[in-house]
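Below you'll find the structure, written out as structure tokens, and then a few comments.
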Amino acid sequence: MHTNSKFIGTGVALVTPFKKDKSIDKKSIVRIVNHIIEGGAEYIVVLGTTGESVTLTKEEKQLVVSLVVQTVNKRVPIVMGLGGNNTQEIINSMNHPSDFKRIDALLSVSPYYNKPNQEGIYQHYKALAKVSRLPIILYNVPGRTGSNISAETTLRLAREFKNIIGIKEASGNLEQAMKIIKNKPSSFKVISGDDSLTLPMIACGAEGVISVVANAFPKDFSEMVRQTLADNLPKARTLHYKLTDITEQLFADGNPGGIKAALEILDLCKAYVRLPLMPINAETRKKLEHLIAQY
């Protein structure tokens, strides 16, 4: 399988379940990974935003990755989050290939807090591309990073570095996504980073999603993606609208608090999050319980 073709369809931004004492809940990781794969998702993304990776120690990250790799057991590809606002620190991490055994690609978020200009963003990813032994998927999420990877910068990187194979585009800007899709190299993947915009983005030419919702509802969400990719829009729309109200509530009081609450309602893990995050409010929880009961 060509590397790029592994990432067509639904990737799932895996949560990191915690116990009451906020330690890693290994049993729940196994349960959720199997739930996702059995639900038909095409690949799993570990140590992303939804996985609360910024609150995990190095040892905990290694534990989570090892457990996911073991549980997946080569059934689907695995993408690992590796990003930050210190370019050299990421490069140093890339010099330890033993950490990346059985990882198929890296998802690297654009530098946050520093607010680099477009040349700084370009030079950051150029430096990573020069040393990475694995393909890199860019991750543009201005709502969290404080800066946007422009379409021009994305296209520049896509054209100049063969190991930069795609972008998780979570700007919420369909015009920007379409500009990338229209002008990108054919092998470069545009991947939706917004569950609610996945259908229109794929209809415009994106090739899948890295989803939060599919932690809980992998069967319907991944089927919606497949139907959209197959241009079967009536079927895709039915599945899309089946999930829109739940999707809205999952993000109403923050991610991953919402998806962890849904997973708790479905008895897949507890809803514990680590500070500075807090569980979702009671009103949102009640709405989720009602919607999932109706679902």
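Taken together, the values in this text are just the output of simple stated rules run on the coordinates, not laboratory data. Because the structure is predicted, anything quoted here is derived from the model rather than measured. We place every Cβ from the backbone using ideal geometry, glycine too, and count neighbours over all the protein chains shown.
Worth pointing out:
- Under Karplus coefficients 6.51, -1.76 and 1.60, residue-wise ³J(HN,Hα) of segment 121-138 in Hz, glycine/proline x: 5, 4, 5, 4, 5, 4, 5, 5, 4, 5, 10, 6, 7, 10, x, 10, 10, 5
- Segment 21-37 and segment 105-165 have Cα centres spaced 30 Å apart.
- Leu107 long-range amide H proximity, modeled H, under 5 Å: Met80, Gly81, Leu82, Ile137
- Phi to ³J(HN,Hα) by Karplus 6.51 cos²θ - 1.76 cosθ + 1.60 over segment 228-235, Hz, x for Gly, Pro: 5, 4, 8, 6, 8, 5, x, 5
- Highest-MSF residue in the chain out of Thr50, Thr247, Thr284 [GNM, Cα springs under 10 Å]: Thr284
- Within segment 155-228: Cβ-based charge dipole about Cα centre, in debye rounded to nearest 20 (Lys, Arg +1; Asp, Glu -1): 400
- Of Asn148, Ile181, Ala170, farthest towards positive along the dipole that unit charges on Lys, Arg, Asp, Glu beta carbons give segment 146-192: Ile181
- For a straight C-alpha distance cut-off of 20 angstrom, the lysines reachable from Lys182 (same-chain residues fewer than eight places away being disregarded) are Lys162, Lys168.
- Fluctuation leader among Val54, Val64, Val45 - the chain, Gaussian network, Cα springs under 10 angstrom: Val54
- Tensor-based shape of segment 108-162 (alpha-carbon gyration tensor, a/c under 1.5 rounded, otherwise prolate or oblate): prolate
- HN-Hα J in Hz across segment 239-244 - Karplus 6.51, -1.76, 1.60, θ = phi - 60°, x for Gly and Pro: 5, 4, 6, 5, 10, 5
- For Val212, nonlocal amide neighbours, meaning residues 5 or more places apart or on other chains whose placed amide H falls under 5 Å from its own, are Ala13, Asp195.
- Lysines with Cα under 25 Å of Lys27, excluding same-chain neighbours fewer than 8 positions away: Lys19, Lys58, Lys61, Lys74, Lys101, Lys219, Lys260, Lys270
- Prolate/oblate/rounded label for segment 3-230 (Cα gyration tensor, a/c 1.5): oblate
- The Cα center of segment 269-295 and the Cα center of segment 188-252 differ in position by 21 Å.
- When peptides 114-126, 158-170 are sorted by average Cβ neighbour count within 10 Å, with the highest value leading, the order is 158-170, 114-126.
- Sorted peptide list for 9-15, 286-292, 253-259, 57-63, criterion being average Cβ within 10 angstrom, highest first: 9-15, 253-259, 286-292, 57-63
- Magnitude of the charge dipole, the chain, Cβ model with Lys/Arg +1 and Asp/Glu -1, debye to 20: 640
- Amide H contacts for Phe188 (H built 1.01 Å from N in the peptide plane; partners 5 or more residues away or on another chain; cut-off under 5 Å): none found.
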